[in-house]
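First the structure, in the form of structure tokens, and then the observations on it.
The values are calculated or read from the model by the stated rules, or taken from the named source; none is laboratory data. Since the structure is predicted, the reported quantities are computational estimates derived from the model, not experimental observations. Glycine also receives a Cβ, built like all others from the backbone with ideal geometry; neighbour counts cover every protein chain displayed.
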Amino acid sequence: MSEATGEPDDVARAPWIPGPRKAADDHADLTAPPAPPPAAAPTAKEEREAEAEEPEVPDLTHNVLKSLLGAWALSACSAGETTAVENHLTTCAPCADEALRLRDAVSLLHEDRDLDLDPLLRSRVLETCLGRRPARIPVPDWVTPYDAETARLDALLRDIGESEWHAPVRLKWYEEKGLVRRKATVASVIGHLLAVDGLVAAALGLDDPLGKGVPELSPTERTEAFWAALDRPPNRSVREPWRNQSHTLIRTVAFAGRGVADLTVTYKCFALPLRDSLLERAFECWLHADDIATAVAYPYAPPSGAHLHDMIDLAARLLPGALANRRRAGLAGPARELVTAGAPGRSLHLEVEGAGGGHWYIALDSPAAVGSPDRAVAQVAMDGVEFCKLVAGHITPEEAAAGQDGDREAIRDVLSAAASLSRL
């Protein structure tokens, strides 16, 4: 048996013999130098570095970059020119708009569908990037809720079709003892926002959409006047003046500086500083956008938590005055304590849960009083969005899903005062 293999000797394998070498070919050039070895395949690292190598980007003037937009839309630019143009589009809004129009025009030239990427893919990506780019003029923090909500509503309006601008929208708000309903369309709701935003525009010395020499009107009266002045039912053409007005308001406030935040905006029966007025306009923009989204079956989320908190805080600060107004009209119980200005009085603890939530103490006996946790006689706990729908008049105080504890009359009066903040 073989020790190496453990097999019997008579079945041991035959030794391996190498095959014969190839014979020299009589026609071969034996004097020629040997062929160089084949080049080694590039490593994965070298391939990644080659892919990551950026094209040389030329330094071009605005006019040259503008002249390249047509070639860019047709994907006829070199790699460096393409990068230069797309870098320019993130900082130049006019060129970005023109680039989007050219890309839309190019898409009309392609009638046959193929397996290539959608020619509008790049323009959509650029449009998203342009919408998210930092503003060249910093917008004050207190303007960002209005900026965000008008932009979100505008995105909704871009997505709907021509017929949906005439979809019925049911507007609701709360007056005295019950809900009031009004039929409208998507287009007429945007006209309503345009007309009421005109109050802010007029306070800033900008053009009023109702025209010059308009007497002092309430938001509802302004809306009715705007609708009555139209010679035909409003359509999607109302979007452009509304969006232009919101852009102008934001730019004007950004240029005006810090002092403009305390400028007074008059709503006929009450007034707000510009800081609170734009927050109130952001709140109404969100709620009416939600009305429109419901009418056209469009998914629509609430504002961000930080913006929702600011909106709830504004409503909480307005509640003592609204409660006093209802008390003067005989719609709320009498004050229980005589409170001097700035002194603590009875309070209601408003606990708002969820995104944007927090704790507020609502003065019950005087709008000049300071709410104090030590004087709280009742507590109400609500979800943040539910509370905003109550303030908007979309639900009644009886329908509000609220955890309640303490003085029942105080709770009823505060919830009713919250609903009374609503209007058309």
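Some observations on this one:
- For the stretch 396-424, a residue qualifies if it is hydrophobic (A, V, I, L, M, F, W, C), touching a residue at least 24 places away in the same chain (Cβ under 8 Å) and closer than 18 Å to I312 by Cβ, and the qualifying residues are I411, V414, L415, A417, A418, A419, L421.
- Cβ-Cβ contacts under 7 Å between residues 6 or more apart (or on different chains), taken from a first residue in the stretch 169-194 that is under 20 Å from D413 (Cα atoms) to a second residue that is surrounded by fewer than 19 Cβ atoms within 10 Å (Cβ to Cβ) and not basic (K, R), are listed as W173/V180; Y174/T396; E176/L331; L179/T396.
- Residue, surrounded by the most Cβ atoms within 10 Å (Cβ to Cβ), within the stretch 75-103, restricted to residues that are among the small types (G, A, S) and part of a helix (DSSP H, G or I): A99
- Any hit, the stretch 249-258, residues being assigned to a loop (DSSP other than H, G, I, E, B) and either of a type outside the set (A, V, I, L, M) or in contact (Cβ under 8 Å) with a residue 40 or more places away in the chain (or both): yes
- The criterion of being touching a strand residue (DSSP E or B) at 6+ places or on another chain (Cβ under 8 Å), in contact (Cβ under 8 Å) with a residue 40 or more places away in the chain, within 28 Å of S416 (Cβ to Cβ) and not acidic (D, E) does not hold for L272.
- Taking the stretch 353-376 as the range and being crowded, with 18+ Cβ neighbours inside 10 Å and among the polar types (S, T, N, Q) as the test, only S366 passes.
- Subset of the stretch 167-178 (residues that are modelled with pLDDT under 95 and of a type outside the set (G, A, S)): R170, L171, K172, W173, Y174, E175, E176, K177
- Residue in the stretch 129-144 that is of a type outside the set (D, E, K, R), modelled with pLDDT of 90 or more and in contact with a Phe, Trp or Tyr (Cβ under 6 Å, 6 or more places away or on another chain) present: no
- Residues located in the stretch 220-247, provided they are over 26 Å from E162 (Cβ atoms) and of a type outside the set (D, E): T220, R222, A225
- All told, A293 falls short of being within 16 Å of A355 (Cα to Cα) and either surrounded by fewer than 20 Cβ atoms within 10 Å (Cβ to Cβ) or not assigned by TED's automatic domain parsing to the domain that holds I160 (or both).
- For S277, the criteria (1) over 19 Å from the mean Cα position of the chain (by Cα); (2) in contact (Cβ under 8 Å) with a residue 12 or more places away in the chain hold in every case but one, which is (1).
- Hey, S237 farther than 22 Å from D310 by Cα and either under 22 Å from the mean Cα position of the chain (by Cα) or free of Cβ contacts under 8 Å to residues at least 60 places away in the same chain (or both) or not: yes
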